[in-house]
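J.: Got a structure for you, questions after.
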Amino acid sequence: MDKTPLRARSRELLDLARAASSGRAADTVHGGAGRALRQTLLALTAGAALAEHENPGEATLLVLLGHVRLTSGDAAWEGGQGDLITVPGARHGLLALEDSVVLLTVVKHP
């Protein structure tokens, strides 16, 4: 069994995001190549975004810190600390409305 201190790792990633020209930093905390389940911490500074992209499988975003907006086509969902957002199966993007950290959970389709 593994244990990951998400609060501490979130703070570290947010510091890295603040130092990065992209305003982003990420760390896969569970899963990865060859596994169906992947969980990734994403830190974004206010105004930083993930451009619209395809969804590789069933996914959710858990907002650990801050406030984000998930968009897909003309639809948008906002979430703050503690909110769980289901990621649509269509193309989508993510914008940090303030310095934020989310836990992205993806189950890849076979």
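The values are calculated or read from the model by the stated rules, or taken from the named source; none is laboratory data. Because the structure is predicted, anything quoted here is derived from the model rather than measured. Here the Cβ positions follow ideal geometry from the backbone for every residue, glycine too, while neighbour counts run over all protein chains shown.
J.: What is the one condition in (1) in contact with an Asp or Glu (Cβ under 8 Å, 6 or more places away or on another chain); (2) in a strand (DSSP E or B); (3) at pLDDT 95 or above that Leu64 does not satisfy?
T.: Failed condition: (1).
J.: Which residue pairs have Cβ atoms under 8 Å apart, sit 6 or more places apart or on different chains, and have a first residue in region 1-25 that is surrounded by 11 or more Cβ atoms within 10 Å (Cβ to Cβ) and a second that is outside any helix (DSSP H, G or I) and acidic (Asp, Glu)?
T.: Cβ pairs passing all conditions: Arg9/Asp27; Leu13/Asp27; Leu14/Asp99; Ala17/Asp99; Arg18/Asp99.
Let's see how each residue does on (1) within 20 Å of Ser22 (Cα to Cα); (2) in contact with a His (Cβ under 8 Å, 6 or more places away or on another chain); (3) charged (D, E, K, R):
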residue	(1), (2), (3)
Arg69	yes, no, yes
Trp77	no, no, no
Leu84	no, no, no
Val87	no, no, no
His92	yes, yes, no
Ser100	yes, yes, no
Thr105	no, no, no
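J.: A further question on this structure: Which of (1) under 30 Å from Gly34 (Cα atoms); (2) without any contact (Cβ under 8 Å) to a residue 40 or more places away in the chain; (3) not in a loop (DSSP other than H, G, I, E, B) does Gly93 not meet, given it meets every other one?
T.: Evaluating Gly93 over (1) under 30 Å from Gly34 (Cα atoms); (2) without any contact (Cβ under 8 Å) to a residue 40 or more places away in the chain; (3) not in a loop (DSSP other than H, G, I, E, B) leaves (2) as the failure.
J.: Next question. Which condition from (1) under 12 Å from the mean Cα position of the chain (by Cα); (2) more than 19 Å from Ala26 (Cα to Cα); (3) of a type in the set (S, T, N, Q) is the one that Ser100 breaks?
T.: (2)
J.: Can you tell which of Thr40, Thr105 is surrounded by 18 or more Cβ atoms within 10 Å (Cβ to Cβ), among the β-branched types (Val, Ile, Thr), in a strand (DSSP E or B) and in contact (Cβ under 8 Å) with a residue 12 or more places away in the chain?
T.: Going through Thr40, Thr105 in turn, just one is surrounded by 18 or more Cβ atoms within 10 Å (Cβ to Cβ), among the β-branched types (Val, Ile, Thr), in a strand (DSSP E or B) and in contact (Cβ under 8 Å) with a residue 12 or more places away in the chain: Thr105.
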